[in-house]
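The values are calculated or read from the model by the stated rules, or taken from the named source; none is laboratory data. These numbers were taken from a predicted model, which means no experiment stands behind them. Here the Cβ is made from the backbone with ideal geometry for all residues, glycine too, and neighbour counts use every protein chain on show.
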Amino acid sequence: MNWGCFYRRGFLSLMLACAGWAMADSGPRVARPMAEDPVLETRLIAISEELRCLVCQNESLASSHAELALDLRDEVRGLIRQGKSDPEIKQYLVQRYGDFVLYRPAFKPTTYLLWLGPFALLLLAIGVLWRVLRGRRAIQAPIELSAQERQRAEQLLKDGL
């Protein structure tokens, strides 16, 4: 009896079973249903566009797919249902997570560095550039040689040193 044939068939069957098992979980996923109230959902999106995802940090809460972002959107949804205004919702999130949650934090003493820091760095860079260019101009000024120094330089050039 030829056992190689059975081994190949067994291997092929095992591979087909594994492929079928792997493909069973790759079907289409069902999207999360939007809120029953489209006005609520529109307001949620408007608010969460102005909030930063605390996980992604460079993405708005509306566009983030992190689990924390989903939880925060649900929390905002709940606050909207409670009748809170947009500023009240933002204030609640700032109290809970700090000014970092806002894309445009308020201009106050704790955020002065955040607002004024880029301008201060720009002014510092301009000052450094000005000093470097001013120092370079002083170095490039022509140097006057005495007659003796000029003769010595010409002699060195002729000798190849």
Which members of region 94-149 meet the condition of being of a type in the set (D, E, K, R) and within 30 Å of Val55 (Cβ to Cβ)?
-> Arg96, Asp99, Arg104, Lys108
Does region 96-109 include one or more residues that are at pLDDT 90 or above and closer than 30 Å to Glu36 by Cβ?
-> yes
Taking the condition over 30 Å from Ile45 (Cα atoms) and exposed (fewer than 10 other Cβ atoms within 10 Å of the Cβ), does Glu149 pass?
-> no
Got a number for residues in region 84-116 being under 14 Å from Ile47 (Cβ atoms) and assigned to a loop (DSSP other than H, G, I, E, B)?
-> 4
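Residue-by-condition table, conditions (1) buried (at least 16 other Cβ atoms within 10 Å of the Cβ); (2) closer than 30 Å to Trp115 by Cα; (3) at pLDDT below 85; (4) out of contact with any Cys (no Cβ under 6 Å at 6 or more places or on another chain):
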{"position": "Leu14", "(1), (2), (3), (4)": "no, no, yes, yes"}
{"position": "Ala22", "(1), (2), (3), (4)": "no, no, yes, yes"}
{"position": "Asp25", "(1), (2), (3), (4)": "no, no, yes, yes"}
{"position": "Glu59", "(1), (2), (3), (4)": "no, yes, no, no"}
{"position": "Gln91", "(1), (2), (3), (4)": "no, yes, no, yes"}
